[in-house]
Amino acid sequence: MKEFGYKVHKERLIDYDKNDKRVLEHLKKHEPSVLTCIACGSCTATCSAGQFVDFNIRLVQTLLRRGEIEPLKKEVQKCMLCGKCILICPRGVNMRNLILAIQTAIDKLK
Ligand code: SF4
Ligand code: SF4
């Protein structure tokens, strides 16, 4: 871990370096558009599933990058795979493929 010249209380420390990045590594190979996301939030604003349940696609991107697999697994199950977010994304992220690839990667890790 990097030394920033100050200490964080141990009980408040979240060490993301120790989290599991294997899902992200899988996606870099199978759906590389994941890397082009700029977290603009357009997908979240238009998401069909988000109209019915508490579902935030930007949160999916964040959990993925942090390697927080358990909450990521719960979050992606909410997607209806309608593909509306693909039409709106300014960066060409194929969210539907991304969600499917996340589920595949998580299943492989079991
Ligand atoms: S619309 Fe595209 S670029 Fe914007 S947050 Fe969603 S996936 Fe990322
Ligand atoms: S494919 Fe999933 S994430 Fe994209 S708009 Fe549809 S329900 Fe939302």
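Since every read-out is calculated from the coordinates, none of them should be taken as a lab result. Everything numeric here is computed off the predicted structure, so don't read it as measured data. A quick note on method: Cβ atoms are made from the backbone with ideal geometry, for glycine too, and the neighbour counts reach across all protein chains shown.
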Self-check item: Karplus-derived HN-Hα couplings along segment 77-82 (A = 6.51, B = -1.76, C = 1.60, θ = phi - 60°), whole Hz, x at Gly and Pro
Solution: 5, 7, 5, 8, 6, 6
Quiz item: What's the extension gain from Arg22 to Ile38 if we count 0.36 nm per residue and subtract their Cα-Cα distance?
Solution: 3.6 nm
Quiz item: Within the set Lys7/Lys28; Lys2/Lys74; Lys78/Lys108, which residue pairs have Cα atoms separated by over 27 Å?
Solution: Lys7/Lys28; Lys2/Lys74
Quiz prompt | Candidates Cys85, Cys47, Cys37: whichever shows maximal mean-square fluctuation once the chain is modelled as a Gaussian network with Cα springs under 10 Å | solution = Cys37
Self-check item: Rounded FRET efficiency, nearest 0.05, which uses the C-beta distance separating Arg58 from Glu3 and R0 of 30 Å
Solution: 0.50
Quiz item: In sequence order, what are the phi-derived ³J(HN,Hα) couplings for segment 5-12 according to the Karplus relation 6.51 cos²θ - 1.76 cosθ + 1.60 with θ = phi - 60°, rounded to whole Hz, with x for glycine and proline?
Solution: x, 8, 10, 9, 4, 3, 5, 9
Self-check item: Check: the chain dipole with +1 on Lys, Arg Cβ and -1 on Asp, Glu Cβ, in debye
Solution: 120 debye
Quiz item: Classify the chain: rounded, prolate or oblate, from the alpha-carbon gyration tensor (a ≥ b ≥ c, eigenvalue square roots; a/c under 1.5 rounded; otherwise prolate if a/b is larger than b/c)?
Solution: prolate
Quiz item: Which Cys residues of the chain have no other Cys Cβ less than 4.7 Å away and so no disulfide-compatible partner by this rule?
Solution: Cys37, Cys40, Cys47, Cys79, Cys82, Cys89
Quiz item: What is the gain in length, in nm to one decimal, between Arg91 and Lys73 on full extension, counting 0.36 nm per residue of separation less the C-alpha to C-alpha distance?
Solution: 4.1 nm
Quiz item: Ranked highest first by the average count of other Cβ atoms within 10 Å around their residues, in what order do 18-26, 90-98 fall?
Solution: 90-98, 18-26
Exercise. Please give the calculated 222 nm ellipticity per residue for the chain, where each DSSP H segment of at least 4 residues contributes -39500 (n - 2.57) and the sum is spread over every residue; nearest 500 deg cm²/dmol?
Key: -13000 deg cm²/dmol
Quiz item: What are the ³J(HN,Hα) values, in whole Hz, obtained from phi via the Karplus relation 6.51 cos²θ - 1.76 cosθ + 1.60 with θ = phi - 60°, for each residue of segment 14-19 in sequence order, with x given for Gly and Pro?
Solution: 10, 9, 5, 4, 8, 6
